[in-house]
């Protein structure tokens with residue numbers, strides 16, 4: 001079993017996971033928590049959940065134990081970007097804003113953004129019946145077309161990258177310029 | 001039920017709902033241990049289905065969102081999240 005192995009092997013796997021997360025974050029214009037032991041602890045928890053559930057369920061939320069119940073909280077979760085934008089950190093504080101990464105801002109507890117219906121479903125271990133219990137999704141999860149609740153589309157004025165989300169990303173994932181270089185498309 | 005007791009000084013009944021993988025839950029446990037507070041924790045992700053259902057019923061009474069950590073002191077004060085100052089006040093630390 002992958003959970004077995006010596007302490008040294010375990011430490012090496014955590015290190016490798018952390019390095020991978022850090023590299024991927026940097027490549028996409030994101031930042032890991034600058035507190036390295038903290039971030040590595042979360043990397044280890046993600047490995048635990050990958051072994052336990054078969055996917056990297058959020059370590060700081062109660063998993064429903066089934067992928068379809070946890071789709072929105074597989075790390076990186078659907079709520080990361082909005083929480084990093086508003087609170088300077090995702091729910092676990094694995095991902096942080098540039099300000100936090102540069103130690104210009106402290107991380108504070110992040111309130112739960114996940115809709116109640118999804119929390120309830122995970123707790124029960126059952127998907128809600130679509131018709132009788134419509135789930136109020138976060139704006140970023142709504143369809144990106146038509147209607148008054150359509151998600152805005154943002155354009156990077158430097159490289160032309162387009163994204164449909166509530167706010168432009170902190171850093172353009174393609175050319176790495178900051179969010180103030182985006183315009184509403 | 002799957003509560004684990006941790007020895008320390010009696011500061012009243014301190015019961016915390018946690019996840020074994022959650023770093024803020026770990027920080028809460030460490031904080032209580034550092035302050036030598038006796039408490040009991042329930043790692044929600046380590047329970048079997050029946051235990052989890054029962055624990056969720058109890059947790060929900062305190063915290064509708066069922067988020068962890070939730071610290072309940074003397075069945076009267078509930079602190080959601082690792083809020084060190086609020087925990088200090090509730091336990092007179």
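For the range B:21-34, the candidate set comprises residues that are out of contact with any strand residue (DSSP E or B) (no Cβ under 9 Å at 6 or more places or on another chain) and surrounded by fewer than 19 Cβ atoms within 10 Å (Cβ to Cβ); within that set, the residue that is nearest to residue B:70 (Cα to Cα) is B:27.
Here's the yes/no breakdown for (1) surrounded by fewer than 16 Cβ atoms within 10 Å (Cβ to Cβ); (2) within 17 Å of residue A:88 (Cα to Cα); (3) facing another protein chain (nearest Cβ under 8 Å):
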{"position": "A:31", "(1), (2), (3)": "no, yes, no"}
{"position": "A:38", "(1), (2), (3)": "no, yes, yes"}
{"position": "A:43", "(1), (2), (3)": "no, no, no"}
{"position": "A:47", "(1), (2), (3)": "no, no, no"}
{"position": "A:54", "(1), (2), (3)": "yes, no, no"}
{"position": "A:63", "(1), (2), (3)": "no, no, yes"}
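Scanning the range B:35-71 for residues being at positive phi and exposed (fewer than 14 other Cβ atoms within 10 Å of the Cβ) gives a total of 1. Can we say residue B:29 is closer than 23 Å to residue A:107 by Cβ, more than 10 Å from chain A (Cβ to nearest Cβ) and within 12 Å of the chain's Cα centre (by Cα)? Spelling it out, residue B:29 is indeed closer than 23 Å to residue A:107 by Cβ, more than 10 Å from chain A (Cβ to nearest Cβ) and within 12 Å of the chain's Cα centre (by Cα). For residue A:25, indicate whether it is surrounded by 16 or more Cβ atoms within 10 Å (Cβ to Cβ) and in a helix (DSSP H, G or I). Taking the combined requirement at face value, the residue satisfies it. Of all the residues in the range B:1-36, those that are assigned to a strand (DSSP E or B) and more than 22 Å from residue A:60 (Cβ to Cβ) number 2. Output yes when any residue across the range A:116-136 is buried (at least 19 other Cβ atoms within 10 Å of the Cβ), assigned to a loop (DSSP other than H, G, I, E, B) and within 13 Å of chain B (Cβ to nearest Cβ), and no when none is. The answer is no; no qualifying residue exists. Looking at B:50, B:45, can you tell me which residue is within 21 Å of residue A:120 (Cβ to Cβ), more than 12 Å from the chain's Cα centre (by Cα) and more than 8 Å from chain A (Cβ to nearest Cβ)? The conditions single out B:50. Scanning the range A:84-96 for residues that are away from every other protein chain (no Cβ under 13 Å) and either in a helix (DSSP H, G or I) or modelled with pLDDT under 95 (or both) gives A:84, A:85, A:86. Here is the figure for the range B:66-93: residues that are out of contact with any helix residue (DSSP H, G or I) (no Cβ under 6 Å at 6 or more places or on another chain), assigned to a loop (DSSP other than H, G, I, E, B) and facing another protein chain (nearest Cβ under 10 Å) total 3.
The values are calculated or read from the model by the stated rules, or taken from the named source; none is laboratory data. Values in this document were obtained by computation on a predicted structure and should not be read as measured data. Neighbour counts run over all protein chains shown; Cβ positions are idealised from the backbone, glycine included.
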